[in-house]
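Undergrad: Have a look at the structure that comes next, please.
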Ligand SMILES: Cc1cc2nc3c(=O)[nH]c(=O)nc-3n(C[C@H](O)[C@H](O)[C@H](O)COP(=O)(O)O)c2cc1C
């Protein structure tokens, strides 16, 4: 009852906020464009690239590097990124004898934490499971072959999505005020914005959905997803950054949803019902597959199927469109 009341009162605030045109502009394009934002926040100029993260250079680019150097560095970063993307695949068997250094894990986690989140709310936690005892306890929560992956991999990252992100708002306001100097007008709207997109309560959600759908023909209104979808979306982006950072550092990963999340929360003491677990990522070095028997290898080579197979993807034209759904975007390479 208390939560329904607080949801409906925050809904009332949201409604006032949404129908006010100037506020709604703030909601949809947070105040980075405001003239009171610091210059680096206003600028459309990209922040300098740090090719060292991709092992192509030891020093970050200076702001005043000339165009040639920056484009060479961009090409190197693009090539490194391409390699990292193409090297990533879901490893099915990990080499239990190859550890990953703490330094590498920390660097990867530092990069992961740079992933974007809605209103910079950062509604997720990551628990890294490394000790033998905790790996065994986590493995017991996994389904089927995922158990073995947790046991073999030197570490497994458990991503938990925050299902009460409104609680994070005061911390975000303080941080954004002190470290980024965002304008007070924007910071004041944050509790309404976050509770609009990610407030608790099915009833409040139904009202928001009804209201925005009714208003949509008159003016653009935000699409309202469920709290879980909102939080999982933010957390999955972070998990994706984690996997790419691992790949860039020569590590293999296996993202997994085959687990009993309730048991994992208990084992890792992740507060319930505050969080839910969208994804668990085992991480380490893949065990090289034993070479196929000679006859099978010869047959595969004769059929033009030698070497490890990439996971297939739908043809680009079935997935990517230009200007409107169904109009193929031509020229996308199949990688
Ligand atoms: C959300 C999600 C859940 C997944 N769950 C599992 C899983 O439980 N076990 C597993 O072995 N692989 C799992 N995978 C890996 C997929 O099977 C794999 O990504 C897909 O087959 C494409 O292969 P690739 O990752 O090698 O490109 C999952 C991947 C994603 C993104």
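Undergrad: Within the set of pairs 6+ apart or on separate chains, which have a first residue in segment 234-257 that is over 18 Å from residue 121 (Cα atoms), a second that is within 12 Å of the ligand (Cβ to nearest atom) and assigned to a helix (DSSP H, G or I), and C-beta atoms under 6 Å apart?
TA: Listed by first residue and then by second, the contacts come to 247/87; 253/243; 254/149; 256/146.
Undergrad: Being within 16 Å of the ligand (Cβ to nearest atom), in contact with a strand residue (DSSP E or B) (Cβ under 9 Å, 6 or more places away or on another chain) and more than 30 Å from residue 177 (Cβ to Cβ) is the filter here; which residues of segment 84-128 pass it?
TA: Those that are within 16 Å of the ligand (Cβ to nearest atom), in contact with a strand residue (DSSP E or B) (Cβ under 9 Å, 6 or more places away or on another chain) and more than 30 Å from residue 177 (Cβ to Cβ): 87, 88, 89, 90, 91, 92, 93, 94.
Undergrad: Follow-up question, since we're still on this one. For segment 171-189, indicate whether the set of residues that are modelled with pLDDT of 95 or more and under 19 Å from the mean Cα position of the chain (by Cα) is non-empty.
TA: yes
Undergrad: Return the only residue of 125, 74, 97, 104 being in contact (Cβ under 8 Å) with a residue 60 or more places away in the chain, farther than 21 Å from residue 278 by Cα and surrounded by fewer than 20 Cβ atoms within 10 Å (Cβ to Cβ). So that I can check it myself, show each step before the final result.
TA: Values: 125 fails: farther than 21 Å from residue 278 by Cα; 74 fails: in contact (Cβ under 8 Å) with a residue 60 or more places away in the chain; 97 fails: in contact (Cβ under 8 Å) with a residue 60 or more places away in the chain.
Only one candidate qualifies: 104.
Undergrad: So which residues in segment 258-280 are under 15 Å from residue 140 (Cα atoms), in contact (Cβ under 8 Å) with a residue 24 or more places away in the chain and away from the ligand (no atom under 16 Å from the Cβ)?
TA: Hits for segment 258-280 are 265, 267, 268.
Undergrad: Here's another thing I want to ask about it. So which of 283, 235 ends up being within 30 Å of residue 97 (Cβ to Cβ) and either within 16 Å of the ligand (Cβ to nearest atom) or in contact with a strand residue (DSSP E or B) (Cβ under 6 Å, 6 or more places away or on another chain) (or both)? Spell out the reasoning first.
TA: Working: 235 fails: within 30 Å of residue 97 (Cβ to Cβ).
Unique residue meeting the criteria: 283.
Undergrad: If you scan segment 238-255, which residues turn out to be within 9 Å of the ligand (Cβ to nearest atom) and surrounded by fewer than 21 Cβ atoms within 10 Å (Cβ to Cβ)?
TA: Passing the criteria: 240, 255.
Undergrad: Looking for whichever is more than 15 Å from the ligand (Cβ to nearest atom), more than 15 Å from the chain's Cα centre (by Cα), loosely packed, with under 11 Cβ neighbours inside 10 Å and part of a helix (DSSP H, G or I) here; the options are 299, 324, 295. Which one fits?
TA: Values: 299 fails: loosely packed, with under 11 Cβ neighbours inside 10 Å; 324 fails: part of a helix (DSSP H, G or I).
None of the other options fit; the residue is 295.
The values are calculated or read from the model by the stated rules, or taken from the named source; none is laboratory data. Bear in mind that the values here come from a model prediction, so they are computed numbers and not experimental data. With ideal geometry, Cβ positions are generated from the backbone for all residues, glycine too; neighbour counts draw on all protein chains shown.
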